[in-house]
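Notes follow once the structure below has been shown.
Where a number appears in this text, it was derived from the coordinates with a stated rule and is not lab data. Small disclaimer: the values here were computed from a predicted structure and weren't measured. For neighbour counting, all protein chains shown are included, and Cβ atoms are generated from backbone atoms with ideal geometry for every residue, glycine included.
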Amino acid sequence: MTFVGKVAVVTGAASGIGRATALGLGQQGARVALFDLNVEGLTETAAQLQQVGAESQSYGLDITKQEQVNQTVDQVVQRWGALHIMVNAAGINQAGPTSYGPGIEVSEADWDRMMDVNLMGTVHCARAAAQHMRPLRRGRIVNVASVAGAVPRMNMASYCVSKAAVRMFTKCLALELAAFSITVNAVAPGPTQTPMLGSAAGDTDPQALERMIAGNPDIYRLGVPLGKLGQPEDVASAIQYLASDEAHHLTGVILNVDGMAQLT
């Protein structure tokens, strides 16, 4: 695969899957716009891209604000002339103090925050990208969903629902944009070694991670048959394929990158 001549936006680029995706695209020739609220993390990602000779530009913004997203995507297009790839990797698994608990006990504010970031942030960025892709009749949109959007998790209702919504939004948008030769797909990671992992496991204790892999009904119900956590680069590789020219006939696909966690 090569991304020479391509312009990509990656949200959540300050860490984890977003950073790994930005690095992978940059190493293969893409010019990469880095989106995140965490400006310090963006600086580190940009430095790593510079080390491999990749061109990037950092943008600190809040993806829950449609106008901010529109203006920033416009800046990317003004800078580099086009937008070919949008990767929506930004997300949260804890919106507030009640996020981990029975769904009916999660506060209204925490429900709203989870949906604002995970679902509406994805919608905002996809909407802004499509405005530039449709006239060109080409483009790749790749969303980051989760296996938790397909199989329920104990005390993670708001997160599971937000990621289930991302999965269905991906399929609906793929259908709507097919006439413009724009593909829309998603990856669904399982347990992955990212900064968010500790809070999802309940803590950062190594034993908690072992229980996650084996299966823990009290915290993280599903195990991982492959017997190991995924790495951000595992998910990034799948994203890169879906964003590539080679994937031109794939759209509306939810690609599990989970060590078979979804099927246990």
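List of remarks:
- Aspartates and glutamates with Cα under 18 Å of LYS163, excluding same-chain neighbours fewer than 8 positions away: GLU108, ASP110, ASP112, ASP116, ASP258
- Folded to 0 to 90 degrees: helix 66-80 orientation relative to the chain principal axis, Cα: 40 degrees
- Separation between Cα centres of the range 32-46 and the range 98-167, rounded to whole Å: 21 Å
- Between helix 16-27 and the chain: long-axis angle, C-alpha atoms, 0 to 90°, nearest 10: 30 degrees
- Length released on extending from MET154 to MET168, taking residue separation times 0.36 nm less the Cα-Cα span: 2.9 nm
- FRET efficiency, 1/(1 + (r/R0)^6) with R0 25 Å, evaluated for ASN70 and THR43 via beta carbons: 0.55
- When you count the other C-beta atoms within 10 angstrom of each residue and take the mean per peptide, 101-107, 9-15 line up highest first as 9-15, 101-107.
- Less than 5 angstrom separates the built amide H of GLY230 from those of THR192, GLN193, all sequence-distant by 5 or more or on a different chain.
- Dividing the helix sum by the residues of the chain, where each DSSP H run of 4 or more adds -39500 (n - 2.57), gives a mean residue ellipticity at 222 nm of -12500 deg cm²/dmol.
- About the centre of its Cα atoms, the chain shows a dipole size close to 840 debye [charges on the beta carbon of Lys, Arg (+1) and Asp, Glu (-1) only; nearest 20 debye].
- Extension gain for LEU175-ILE104 works out to 22.2 nm (0.36 nm per residue, less the C-alpha to C-alpha distance).
- Most simply put, the chain has about 5% antiparallel DSSP beta bridges, counting only bridges with both residues inside it.
- Among the listed values (i) 13.7; (ii) 18.7; (iii) 13.0, the one matching mean projected area of the Cα convex hull in nm² as calculated from this structure is (iii).
- The range 147-154 - phi-based ³J(HN,Hα) in whole Hz, Karplus 6.51/-1.76/1.60, Gly and Pro as x: 4, 5, x, 10, 10, x, 10, 5
- Förster radius 25 Å - calculated FRET efficiency between THR2 and GLN131 (Cβ-Cβ, nearest 0.05): 0.45
- Length added when fully stretched, ARG79-TYR241, from 0.36 nm per residue minus Cα-Cα: 55.8 nm
- Built amide H within the under 5 Å cut-off of VAL9, gap 5+: ALA33, ILE85, MET86, VAL87
- For SER56, the residues 5 or more places off, or on other chains, whose built amide H falls under 5 Å of its own are VAL32.
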